[in-house]
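The values are calculated or read from the model by the stated rules, or taken from the named source; none is laboratory data. Every value quoted in this text rests on a predicted model; they were computed, and no experiment measured them. Because the Cβ atoms are built from the backbone with ideal geometry, glycine has one as well, and the counts that use them run over all protein chains shown.
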């Protein structure tokens, strides 16, 4: 989804209303303070799992008054997605100061969201691709790893089985403050695991006491 408008405070939203085999209906909104010339641009993809041999999954992040950088592992039932679609369904910020939002997904499928100034958003993502079971069908080399099919996982990686029957060798991302230790990913020194996130030890203690430090809320589709 894309939005454009003239104004001081920018607010853009879009939600699905109905879907049939021949029509997709959505509800869009562009508003804010002194907003004029509001426009919404929408892209979408539709496919039938019964006709196309692809696995898929998705999720979303919700955040209000977010600023800074946040990274999260968005890998689920596909080792490496052939197609990754993502965009905002809600986006609100003070346009008079400008805004720069950067979203990247690395080879480990860790998504990083960066915002220069306060922004409230809902980010939706969808991944499409072959499962590891389809990519590596041979029983002698069932583990998918960096475009290879292996009999066992290499050093500094661990074997992982997906719910759809696939297998892969996963590594630990530095962006998530993880290190490989004793056959699994653990938080690096100075970080503690809280709510499935590795948080700096001092920040983690504050989270337990006052419940004010929270990562963007994450939901699965």
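If you go through region 145-165 and keep only what is within 21 Å of the chain's Cα centre (by Cα) and either surrounded by 13 or more Cβ atoms within 10 Å (Cβ to Cβ) or without any contact (Cβ under 8 Å) to a residue 60 or more places away in the chain (or both), you end up with 145, 146, 160, 161, 162, 164. The test for being modelled with pLDDT of 90 or more, out of contact with any strand residue (DSSP E or B) (no Cβ under 7 Å at 6 or more places or on another chain) and either at positive phi or surrounded by fewer than 15 Cβ atoms within 10 Å (Cβ to Cβ) (or both) holds for residue 174.
Scanning region 177-191 for residues that are farther than 30 Å from residue 68 by Cα and either in contact with a strand residue (DSSP E or B) (Cβ under 7 Å, 6 or more places away or on another chain) or in a helix (DSSP H, G or I) (or both) turns up just one, 183. Picking from residues in region 131-140 that are in contact with a strand residue (DSSP E or B) (Cβ under 7 Å, 6 or more places away or on another chain) and surrounded by 15 or more Cβ atoms within 10 Å (Cβ to Cβ), the one that is farthest from residue 84 (Cα to Cα) is 136.
One residue stands out in region 77-120 among those that are out of contact with any strand residue (DSSP E or B) (no Cβ under 6 Å at 6 or more places or on another chain) and more than 21 Å from residue 63 (Cα to Cα): the one that is surrounded by the most Cβ atoms within 10 Å (Cβ to Cβ), namely 80.
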